[in-house]
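The values are calculated or read from the model by the stated rules, or taken from the named source; none is laboratory data. All values reported here derive from a predicted model rather than from experimental measurement. Quick reminder, even Gly has a Cβ in these numbers, built from the backbone with ideal geometry, and neighbours come from all protein chains shown. Accessible surface areas use protein heavy atoms only, side chains included; no ligands, DNA or RNA. Shrake-Rupley method; radii C 1.70, N 1.55, O 1.52, S 1.80 Å.
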Amino acid sequence: MAEHAARRCCLGWDFSTQQVKVVAVDAELNVFYEDSAHFDRDLLEFGTQGGVHVHEDGLTVTSPVLMWVRALDIILERMKASGFDFSQVLALSGAGQQHGSVYWKAGASQVLRSLSPDLPLHKQLQACFSISDSPVWMDSSTTAQCRQLEAAVGGAQALSCLTGSRAYERFTGNQIAKIYQQKPEAYSHTERISLVSSFAASLFLGSYSPIDCSDGSGMNLLQIKDKVWSRVCLAACAPHLEEKLGSPVPSCSVVGAISSYYVQRYGFPPGCQVVAFTGDNPASLAGMRLEEGDIAVSLGTSDTLFLWLQEPMPALEGHIFCNPVGSQHYMALLCFKNGSLMREKIRDESASCSWSEFSEALRSTEMGNGGNLGFYFDVMEITPEIIGRHRFSAENHKVPAFPRDVEIRALIEGQFMAKRIHAEGLGYRIMPKTKILATGGASHNRDILQVLADVFGAPVYVIDTANSACVGSAYRAFHGLAAGTDVPFSEVVKLAPPPRLAATPTPGASQVYEALLPRYAKLEQRILSQTQGPPE
Ligand SMILES: O=C(CO)[C@@H](O)[C@H](O)CF
């Protein structure tokens, strides 16, 4: 690989489900280097599929922690061989898949502190983990532990108010509880528990990195209002847990200087700062440069909303985390399972498998669709828990079908009205300066984005989020360099390439949807009560 000209930079890492990735970002916020080690492709000896092992019970999902260590060795060696000038790295930060956990065996901190620069990491850390297969976010084997935790704090809504989410199987507290209950010896031999993010930071620090508040919000253990561990939740999960976790820190914290191992083996400067690593979604929010009032809509297989919240309203759906770049604010994630697969099905059924016909239908039908409303959930929806297709006329009568063009608009308007209603249910408020940042496959369809702009009454911008967690981590590293100067994150990243404007609200849109949204919400509740009984 060509020699890289020396340029002052920050590194952003992402220890994600399928790979470890790194980007180098210079002072003008240009990405000039990137590399990745793909677990299934580059680390065949671990035998993962999609970076994980799905166990025979079909519920337990883990990843080998040494695979993550080995992937870091591979990338660093590749960077060194490519002539990357590590001496120019001012700071680094990173992200990790959320909720996953790493169990450091008693004595591991001594090994971390005394790494020999003559050996790769994985050869020195082989005996440092009391659990060799780390539980990851795809695990759903801890339902019993979830119920125990909710019972301990007074129910699902109480837990949500305390920690930002009701109990979820993948959330770390419930995973720790399962390990304590089913592998008590391994638990007792564990001196430290990290998230994937703080584990990765520990590798660079050469000591245990604290958990940051944003990723810590994905554990069902952190009180999101005052940003301390909930003693009730800790006690409900496992004994002596607080000492194994350490104290959480603000996400913008500089947690230390890089370990001498990297100075001697790779040529990092001794003063290279390590900024707290965080979860992949909080890091992506930073990478998308979301600001107060903004909303990011990832239109993929499932649709995911990233919200910036000032006053969160914790609920039984969605997840509220401490904000990674606005320490007094919050962020929220809302997931809608019936995303692009639903759009493709309706395209095939009502637009002859053609996106251009699909778009033509949107252009040839009016905003509000003549009062026709549709709910399209071919798989059990998460937000809310409804399945099936439900169509209503302007008079709120159930109808079995719509004309093709009406069907298409009903699908898209319904998907976006649901997003707005559930986002506002978590405390999101559209502001005059609100920007909608669209990403994912469907964000390439301008007519779909026009409906998004109309429903929210806000401009829609498109952004490329391929490396958002890595780039967001590099941005956070730059922000960490300004630590203690009160420079806001938005100021640090103002030089970054701006998102592209794709759609602005059609005149009259807000009148149309201010009238439709309450109807849509009421009909959703009607469907829920018919299929589920009254809400909790
Ligand atoms: O579980 C999730 C968020 O709650 C996923 O987005 C993981 O963070 C993916 F790594």
To the nearest 20 debye, what charge dipole does segment 280-322 have about its Cα centre, counting +1 at the Cβ of each Lys and Arg and -1 at the Cβ of each Asp and Glu? 100
Leaving out ligands and nucleic acids, and using a 1.4 Å probe, what accessible area per residue does the chain come to in Å²? 38
Cα-centre dipole for segment 45-85 with unit charges at Cβ (Lys and Arg positive, Asp and Glu negative), debye to 20: 160
Grab the DSSP H runs of the chain that are 4 residues or longer, score each as -39,500 (n - 2.57), total them, divide by all residues and round the 222 nm result to the nearest 500 deg cm²/dmol. -11000 deg cm²/dmol
Pop out the carbon and sulfur fraction of the accessible area of segment 175-240 as a percent, whole number, probe 1.4 Å. 54
Could you tell me which of the pairs Lys21/Lys227; Lys21/Lys80; Lys105/Lys183; Lys21/Lys105 are separated by over 23 angstrom between their Cα atoms in the structure shown? Lys21/Lys227; Lys21/Lys105
Translational D (Stokes-Einstein, µm²/s) of the chain at 20 °C and 1.002 mPa s when Rh comes from the Kirkwood sum over C-alpha pairs? 89
State the percentage of accessible surface on segment 246-287 attributable to carbon and sulfur atoms; use a 1.4 Å probe and exclude ligands, DNA and RNA. 52
Between segment 411-459 and segment 378-406, what is the C-alpha centre distance in whole Å? 19
Go through 508-518, 333-343 and give me the packing order, highest mean Cβ count within 10 Å leading. 333-343, 508-518
Using +1 on the beta carbon of Lys and Arg, -1 on that of Asp and Glu, and nothing else charged, what's the dipole of the chain about the Cα centre, debye to 20? 480
Given the options His329, Leu245, Phe277, identify the residue whose Cα lies farthest towards the positive end of the charge dipole of segment 208-359 (+1 on Cβ of Lys, Arg; -1 on Cβ of Asp, Glu). Leu245
Can you spot the lysines whose alpha carbon is less than 26 Å from Lys337's alpha carbon? Ignore those fewer than 8 places along the same chain. Lys345, Lys398, Lys419, Lys435, Lys522
Output wanted: per-residue J couplings in Hz (rounded whole) for segment 305-320, from phi through Karplus 6.51 cos²θ - 1.76 cosθ + 1.60, θ = phi - 60°, x for Gly and Pro. 9, 10, 10, 9, 10, 8, 10, x, 10, x, 9, 8, 10, x, 9, 10
Highest to lowest packing among 466-475, 32-41, 93-102, scored as the average C-beta count within 10 Å: 93-102, 466-475, 32-41
Charge context of Gly246, other residues only, Cβ under 12 angstrom, K/R +1, D/E -1: -2
Would you kindly derive the ³J(HN,Hα) couplings of segment 229-235 from the backbone phi angles with the Karplus curve 6.51 cos²θ - 1.76 cosθ + 1.60 (θ = phi - 60°), listing them in order in whole Hz, with x for Gly and Pro? 5, 7, 4, 5, 5, 4, 5
At a 4.7 angstrom Cβ threshold, list every cysteine in the chain that has nobody to pair with, or say none. Cys9, Cys10, Cys128, Cys146, Cys161, Cys233, Cys237, Cys252, Cys272, Cys335, Cys353, Cys470
Between Arg231 and Thr485, what length in nm is gained on full extension when 0.36 nm per residue of separation is reduced by their alpha carbon distance? 88.1 nm
For segment 392-536, give the percent of accessible area contributed by carbon and sulfur heavy atoms, probe 1.4 Å, rounded to a whole number. 58
Once the dipole of the chain is set up from charges on Cβ (+1 Lys and Arg, -1 Asp and Glu), the residue from the list Ala235, Gln450, Phe39 lying farthest towards its positive end is Ala235
Extension reserve of the Thr531-Leu316 stretch, reckoned as 0.36 nm per residue once the Cα distance is removed: 75.7 nm
Could you check what % of the DSSP bridge pairs in the chain are antiparallel, to the nearest 5? 75
